[in-house]
1. Report, by residue number, each residue of region 376-394 that is out of contact with any strand residue (DSSP E or B) (no Cβ under 7 Å at 6 or more places or on another chain) and without any contact (Cβ under 8 Å) to a residue 40 or more places away in the chain.
2. Given 115, 143, which one is touching a strand residue (DSSP E or B) at 6+ places or on another chain (Cβ under 9 Å), closer than 30 Å to residue 233 by Cβ and either touching a residue at least 12 places away in the same chain (Cβ under 8 Å) or not in a helix (DSSP H, G or I) (or both)?
3. Go through region 204-215 and give me each residue that's touching a helix residue (DSSP H, G or I) at 6+ places or on another chain (Cβ under 9 Å) and either surrounded by 18 or more Cβ atoms within 10 Å (Cβ to Cβ) or assigned to a helix (DSSP H, G or I) (or both).
4. Any chance you could count how many residues in region 65-80 are within 23 Å of residue 295 (Cα to Cα) and out of contact with any helix residue (DSSP H, G or I) (no Cβ under 9 Å at 6 or more places or on another chain)?
5. Please count how many residues of region 346-361 are closer than 14 Å to residue 332 by Cα and surrounded by fewer than 13 Cβ atoms within 10 Å (Cβ to Cβ).
6. Starting from residues that are in a helix (DSSP H, G or I) and at pLDDT below 90, keep the ones in region 216-240 and report whichever is nearest to residue 250 (Cα to Cα).
7. Taking only region 171-203 into account, find how many residues are in contact (Cβ under 8 Å) with a residue 12 or more places away in the chain and outside any helix (DSSP H, G or I).
8. On the basis of being part of a loop (DSSP other than H, G, I, E, B), in contact with a helix residue (DSSP H, G or I) (Cβ under 8 Å, 6 or more places away or on another chain) and within 16 Å of residue 285 (Cα to Cα), does residue 255 make the cut?
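The values are calculated or read from the model by the stated rules, or taken from the named source; none is laboratory data. In this text the structure is predicted, and so the values were computed from the model without any measurement. For neighbour counting, all protein chains shown are included, and Cβ atoms are generated from backbone atoms with ideal geometry for every residue, glycine included.
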C-alpha cells in the first residue's frame, strides 16, 4: 500500500457536515451587499509580488514574514494573495473602473499567509470583502458599517462590538510618529525584541503589540486623535454622528491602527470575545491614497474584509438567524422497477418545485437499510416508492422529524404534501 499524502499544515478541508453553515453565511453575505448596490468582482489568487510590497508596505509582517512568494518559469516573482484590496485596485486601474466613476464592489475567496496555524488563523483562509471607490465623505464609511451590522442581524449575532479610530492623513501622522518614537525610546528597556524592531521601522505598529507586559506602557502612549488635521477630525466626528443616528453602538479605540500601511483616516474592527484570542471578525478602513500609489488617478476609497472561518465559527456558536434549507425528502425505492422510476419521479417533482431538495436512494439496498439512510440524511420526510405505488402512480410520504402517520398520495399531490409537512417540522 502506498504511503498516504497528508494535507498542508494550516490549509484545511471543509467537510460536508461543515459546509451547510458556510453556505448559510455566504448566502447572507451576498444577499445583504446586493441589497446595497454592490457588484461582485473576481480577481486572480496570484499577483506580482511588487503589488503587495507597494500596497501593504515592505516593513509589515505580511510582506516580511507571511507571503507565499515564488519565482515562476520566467523568473518573475509572484505571490499568492495575502489580502484582496491590492488586487481589486490593480484590476480597477487596469480596466478603467475608477475614471470619473463611483464603484461599489464585493469579492470573496481564499487568501494565503504563512502563519503559525491556530484556531481562527490559518495559512489558507477565506475572506469576504466590500470596497467603495470615488466616495470621499463619511456617509460611505457609515454605510459600510451599516452593511456589516445588517449582516450580524441577519445571522442572529449580537456578540460583536464595533471599535473605531481615525489615523488622519499621512502628513498629520509625521508629527505623531515623531512623538511615538520619543515616547517609546524613553522606555526602551520595557520593549520586547519585536517592539524594538518596530520602533525603528514602523513605530505605529507598537500600538498593535499583544504582549501583556507592555499593556500599561501602550495605554499611556500619545494618541493619534490628538494629531488629526481639521478635515480628518471633522470627518471622524461626522461619522460618529451618523452611527449614533443609525443606532449602531461603537467604541472609539485610539490604539487601533491596523496592520497595513495603506490606511488613512477611518479604521475599524468588529470584535467578539466568543472566539478566544482571535477576536477580530471584520476589519477595514479608508485607503484614499492607494489607487494613486498603484498608478491610478487619485481616488478616495474604503473597504472592509471579514474572515469567513471566524464568522462561520461564530455563527455556529452564537448565531440564531434563519438557516439555509436542508433536505426536504429522501426517496426510498423498493424493487427494480421502482428504482428505475425513482430518478424520473424525483426530476418531475424538482420541475414542479425547483426549491425542493430531494435525494434519491442509489445503490439499492433493503427497505430497512434505505430507511436508515433516509433518517441519517436529515430529510424531513421519506418518499416510498414500491411496486404497488408505482402501479397506481402514488407515493408514500412518511414524516421523519415528527410523530405523524404515513400518507399515500398521487404523484401530482406529492409536492403539496411534502411542503405541508416540512412547514410543520
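1. Scanning region 376-394 gives 376, 388, 391, 392.
2. Working: 115 fails: closer than 30 Å to residue 233 by Cβ.
When all the criteria are applied, what remains is 143.
3. Answer for region 204-215, where residues must be touching a helix residue (DSSP H, G or I) at 6+ places or on another chain (Cβ under 9 Å) and either surrounded by 18 or more Cβ atoms within 10 Å (Cβ to Cβ) or assigned to a helix (DSSP H, G or I) (or both): 204, 205, 206, 207, 208, 209, 213, 214.
4. 1
5. Of all residues in region 346-361, those closer than 14 Å to residue 332 by Cα come to 346, 358-361.
Restricting the remaining residues to those that are surrounded by fewer than 13 Cβ atoms within 10 Å (Cβ to Cβ) gives none.
The number of residues fulfilling the criteria is 0.
6. So the first thing to find is which residues in region 216-240 are in a helix (DSSP H, G or I), and the list is 216-219, 224-227, 230-240.
Filter once more, so that each one left must be at pLDDT below 90: 216-219, 224-227.
Working: 216: 23, 217: 24, 218: 21, 219: 19, 224: 18, 225: 16, 226: 20, 227: 21 Å.
Filtering first and then ranking leaves 225.
7. 4
8. The answer is yes for residue 255.
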